[in-house]
Amino acid sequence: MKRYQLLFYFFLLSGIGFSQEAALSRWTVGLETGLNFRVSCPECPFDGHDHLGDAVPVAARTSYRLFPWLSMEGAFSYQPARYSQLAGLNSGVGVYDLEFRLPALHLTAGPRIQVRIGQGDLGLEYRMGLLTYTQSVQVQNNTGYAQRFSYDWQTAIAEAWRLSYTYWPTARIAVSVNYELFTSRSGEYLNLDARSAERLPDSPALQGALQPPTDTFWFDNFYFSNLLIGIHYRL
C-alpha cells in the first residue's frame, strides 16, 4: 500500500512540475494588424508621402525568450502600400490619373531587448531578412478608360526597427501596441510583366510614366511606417 502511495505522490509532483513548465514556456506566437500611415520611396519614379487609410499591413509573429530581458523575434508580414499618386498627367489627347501601389512580403528575424513595466514588457527590437515586392499602377481618365499594369516580382534586403509595449492580462495571452519602421535596401529593377507590356497605350506620355526609356523602375530603398496592434499566445 505504501508503494502505491509513493507512486501516486510521484505522478502528482510530476504533473505539477509539467504544468509549471508549460506555464513558463519560452515560445510565443501572435497575429498583428494595423495602419500603414506613411510610405517614403526617394528612389522611386514618383516619390510620395501619402496617408494610407486603405493600406492595412498584417503579420504573423513568433518569439523565443532567452532571458527575462532578451528575446529572439521572427515575423512574416504583408504590406499592401500605396507609395505615390500622380494626378493630371496630360497625354496630349487626355488627362490621366495614376496610382502606384507597392505590395510587399517580408520575412525577418532578430533580437528584442525588453524591460518589465507594470504587467507588461517595453521592448526595442531590430530584425533583418528578405523582402519580395512588386508594383502595380492603376491608370484611368474621365472618359472611362481604366487599366491596371503589373510588374515582375523582385527581392531585396529588409530591415525593421520596432518600439513596443506588450501587456499580459493573463499568463498566456497578451496584447501589444507597436510602432515599426520598415526599410529596404539593394532593391532590384522593376519591369512590366509580359501581359502588361503588351497592353501599353500608344500615348508616349503614358508609356514614359509606366515604363521609362531605361525600361526599368529603380527601387533602391523605401520605408514603411506602421502602427500595429497584436494579440499573442504563450505556448
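The values are calculated or read from the model by the stated rules, or taken from the named source; none is laboratory data. These figures come from a predicted structure and were not determined experimentally. Every residue, glycine among them, receives a Cβ derived from its backbone with ideal geometry; neighbour counts consider all protein chains shown.
Output the residue which, of all residues in the range 129-170 that are under 22 Å from P111 (Cα atoms) and loosely packed, with under 14 Cβ neighbours inside 10 Å, is modelled with the lowest pLDDT. So, considering only residues that are under 22 Å from P111 (Cα atoms) and loosely packed, with under 14 Cβ neighbours inside 10 Å, the one modelled with the lowest pLDDT is L130.
All conditions but one from (1) modelled with pLDDT of 95 or more; (2) surrounded by 15 or more Cβ atoms within 10 Å (Cβ to Cβ) apply to L124; the one that does not is (2).
For the range 178-202, filtered to residues that are basic (K, R) and either without any contact (Cβ under 8 Å) to a residue 24 or more places away in the chain or farther than 30 Å from T166 by Cα (or both), the residue that is surrounded by the fewest Cβ atoms within 10 Å (Cβ to Cβ) is R195.
Exactly one residue out of S184, S136, S150, S225 is among the polar types (S, T, N, Q), under 23 Å from R82 (Cβ atoms) and touching a helix residue (DSSP H, G or I) at 6+ places or on another chain (Cβ under 7 Å), and it is S150. Please go through the range 185-206 and give me each residue that is under 31 Å from the mean Cα position of the chain (by Cα) and in a helix (DSSP H, G or I), ordered by number. Scanning the range 185-206 gives A194, R195, S196, A197, L206.
Considering only residues in the range 109-158 that are under 30 Å from R65 (Cα atoms) and among the acidic types (D, E), the one that is farthest from the chain's Cα centre (by Cα) turns out to be D121.
Here L89, L105 are screened, and the one residue that is closer than 21 Å to Y151 by Cα and at pLDDT 80 or above is L105. Under the condition of being surrounded by 15 or more Cβ atoms within 10 Å (Cβ to Cβ) and modelled with pLDDT under 80, the residues counted in the range 47-85 number 8. Among the residues that make up the range 36-44, is at least one of them at pLDDT 95 or above, touching a Leu at 6+ places or on another chain (Cβ under 9 Å) and assigned to a strand (DSSP E or B)? No: zero hits.
If you go through the range 16-27 one residue at a time, do you hit one that is modelled with pLDDT of 95 or more, surrounded by 15 or more Cβ atoms within 10 Å (Cβ to Cβ) and of a type outside the set (S, T, N, Q)?
Narrowing the range 16-27 to residues modelled with pLDDT of 95 or more: 27.
So of that shortlist, the ones also surrounded by 15 or more Cβ atoms within 10 Å (Cβ to Cβ) come out as none.
No - not one qualifying residue is present in the range 16-27.
The residues of the range 122-161 that are touching a residue at least 60 places away in the same chain (Cβ under 8 Å) and assigned to a strand (DSSP E or B), listed by number, are Y133, V137, V139, F149, Y151, Q154, A156, A160.
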